[in-house]
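Working notes for the structure below.
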Amino acid sequence: MVTAPRVGVLALQGDVREHARVLADLGADVVAVRRPDELAAVDGLVIPGGESSVIDKLARAFGMRHPIREAIADGMPVYGTCAGLILLADRIADGAPGQQTFGGLAVTVRRNAFGSQVDSFEVDLDVEALGGPPVHAAFIRAPLVEEVGPGAEALATLDDGRVVAVRQGALLGTSFHPEVTGERRFHALLLDLVRERVSRTRARDAAG
Ligand code: GLN
């Protein structure tokens with residue numbers, strides 16, 4: 001029997017609903033995740049855009065930091081957009097005082113990298129890994145990936161070469177917000193990674 005992939009959206013702060021809608025449209029069984037037991041019940045996770053320092057603080061207050069780090073270390077597919085990308089980065093160039101990340105992506109990000117003059121903008125990006133037409137990407141007080149370390153790969157760059165989408169194994173991160181422009185291919189890629197992981201786990205369990 002083919003069951004819908006169970007995917008959580010970290011629902012501490014940010015544009016949770018937009019992600020939930022895209023995932024549901026793609027056929028996922030979507031769960032709002034605020035507590036460790038809710039995280040334990042999903043096979044993949046989206047970390048939405050919002051304010052990374054707030055999500056970090058709330059994650060610690062809700063006892064979610066360690067479970068999320070463990071899930072990432074265990075290979076759970078996770079997709080972070082904007083603030084979510086910041087939270088998946090191993091390093092922040094200019095974090096708020098005391099700001100921590102979950103980590104997992106061997107990258108350095110800079111928050112609000114386009115400055116207050118350029119709060120938000122939209123561009124078309126070629127993303128070879130997704131195939132098909134360019135991605136129409138909305139950047140909202142977006143971070144940039146300043147350094148791509150070993151194991152991580154750039155999936156998309158701006159015309160000037162600056163990196164705005166990365167992947168490392170089952171972790172995906174984009175500076176921009178596909179969930180607000182009707183772009184679904186990053187979420188679809190996440191669901192593919194979730195299905196692969198679920199069938200691998202099932203095969204392993206069946207083999208005893
Ligand atoms: N500037 C925000 C941060 O530092 C991210 C903005 C967004 O997610 N749209 O977390």
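The values are calculated or read from the model by the stated rules, or taken from the named source; none is laboratory data. The shown structure was predicted, so the numbers you read here are calculated from the model rather than taken from an experiment. Cβ coordinates were reconstructed from backbone atoms using ideal geometry, including for glycine residues, and neighbour counts include every protein chain displayed.
Side notes on the structure shown:
- Checking each residue of the range 75-83 against the condition of being among the aromatic types (Phe, Trp, Tyr) and either within 26 Å of residue 42 (Cα to Cα) or buried (at least 24 other Cβ atoms within 10 Å of the Cβ) (or both) gives at least one match.
- Strands (runs of 3 or more DSSP E) (entirely within the range 131-208) containing at least 2 residues that are free of Cβ contacts under 8 Å to residues at least 40 places away in the same chain: 153-157, 163-168
- One residue from 157, 174 being within 16 Å of the ligand (Cβ to nearest atom) and hydroxyl-bearing (Ser, Thr, Tyr): 174
One line per residue, one yes/no per condition, for (1) crowded, with 21+ Cβ neighbours inside 10 Å; (2) within 16 Å of the ligand (Cβ to nearest atom); (3) more than 19 Å from residue 105 (Cα to Cα); (4) touching a residue at least 60 places away in the same chain (Cβ under 8 Å):
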{"position": "5", "(1), (2), (3), (4)": "yes, no, yes, yes"}
{"position": "10", "(1), (2), (3), (4)": "yes, yes, no, yes"}
{"position": "18", "(1), (2), (3), (4)": "no, yes, yes, yes"}
{"position": "44", "(1), (2), (3), (4)": "yes, no, no, yes"}
{"position": "53", "(1), (2), (3), (4)": "no, yes, no, no"}
{"position": "58", "(1), (2), (3), (4)": "no, yes, yes, no"}
{"position": "69", "(1), (2), (3), (4)": "no, no, no, no"}
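- For residue 132, the conditions (1) farther than 17 Å from residue 175 by Cβ; (2) modelled with pLDDT of 95 or more; (3) small (Gly, Ala, Ser) are fulfilled apart from (2).
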